[in-house]
1. Apply the Karplus curve 6.51 cos²θ - 1.76 cosθ + 1.60, θ = phi - 60°, to the phi angles in segment 178-185 and return the couplings in whole Hz, x for Gly and Pro.
2. Give me the net charge for the shell around GLU36: Cβ to Cβ below 9 angstrom, other residues only, Lys and Arg +1, Asp and Glu -1.
3. Over segment 1-130, one equal point on each Cα, no solvent: what is log10 I(q)/I(0) by the Debye formula at q = 0.11 Å⁻¹?
4. Counting only protein heavy atoms and a 1.4 Å probe, tell me what percentage of segment 3-229's accessible area is made up of carbon and sulfur.
5. Provide the gained length on full extension for the span GLU198 to LYS50, in nm with one decimal, where the gain is 0.36 nm per separating residue minus the Cα-Cα distance.
6. Can you list the residues, at least 5 places off or on another chain, whose amide H is less than 5 Å from the amide H of LEU173, using H built in the peptide plane?
7. Starting from the Kirkwood Rh over alpha-carbon pairs, what translational D in µm² s⁻¹ does the chain have by Stokes-Einstein at 4 °C and 1.567 mPa s?
8. Over the chain, what is the mean sequence separation of C-alpha contacts under 8 Å (at least six apart), divided by residue count, expressed as relative contact order in percent?
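The values are calculated or read from the model by the stated rules, or taken from the named source; none is laboratory data. Everything quoted here is computed from the prediction, not taken from an experiment. Positions of Cβ are backbone-derived with ideal geometry, glycine not excepted, and every protein chain shown enters the neighbour counts. Quick note on the areas: whole protein, heavy atoms, side chains included, nothing else; ligands and nucleic acids left out. Shrake-Rupley method; radii C 1.70, N 1.55, O 1.52, S 1.80 Å.
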Amino acid sequence: MMRFDEFDQYSENMLMAQYDVSDIISHELMKGEVREDFLISTLESCSEPKPCLVKGTVSDGETDAGQLDIILCRSGSHIRRLGGQCYIEKNDSLCVIEVKGNCTGRDLAKAEEKAQAIKAMRGESGPLYGVVCYKVDLNLKTILKRFGFSFDSATNTYFDNATIPNEAEANWLSLNYPSLDFFVSLEEDKKIYLSKYELREGVSRFARITTYPLIKNLFSLVRSLNRQAST
């Protein structure tokens, strides 16, 4: 492990430790808020100046996406605050992160609906939308299948038929969550980072990122979006 990876692994371990410690809180809403706040502070540590991460909703001025856990905003955005919640213009939002303690299939379906709703809003640009979960109430095979991966029992590996040359599109697995841009599970036996990419114009698939610790990929995403927005 490289020295830099040691610090990233520390951040990931701290996230998981805080998840376990916060489990003593019986009030579910408060427990979720505490975990979201800790993830925000962890992501803020990846860059100087700090990325602008808030809670609230995204809107085009007519409709909004409902409560969102974490929103990464452009530097200099007009952030309309009401207590701890913020109202962000769609064009000023770079990324939305839904945070789940134990992610279910229903949670992913709701995230897909919110991602679709944001993409349908008026505006020239919009945020990436992804889910970060500490644990996931689905087995690994089911998760990957829903993101387009088949399982080869002979080699004990997962693969996407879409990446096989000359493979008929009819053999590709469908995507259950085509509007999501990434999915991250930090659970020890189900560590997954899935990132959407464009296979060809108008056709997207998901790649499984195997760079560990996984949190470094999330750090890189936040820094990359910040840099792109400032240029």
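1. x, 8, 6, 9, 7, 9, 10, 10
2. Details: positive: ARG35, LYS55; negative: GLU33, ASP37, ASP69.
Spelling it out: positives minus negatives among the neighbours equals -1.
3. Taking Cα atoms of segment 1-130 as identical point scatterers yields -0.43.
4. Numbers: 5880 of 11770 Å².
Within segment 3-229, the accessible surface is 50 percent carbon and sulfur.
5. Values: separation 148, 0.36 × 148 = 53.28 nm, distance 2.94 nm.
So the extension gain works out to 50.3 nm.
6. For LEU173, the qualifying residues are ASN161, ALA162.
7. 70 µm²/s
8. 17 percent
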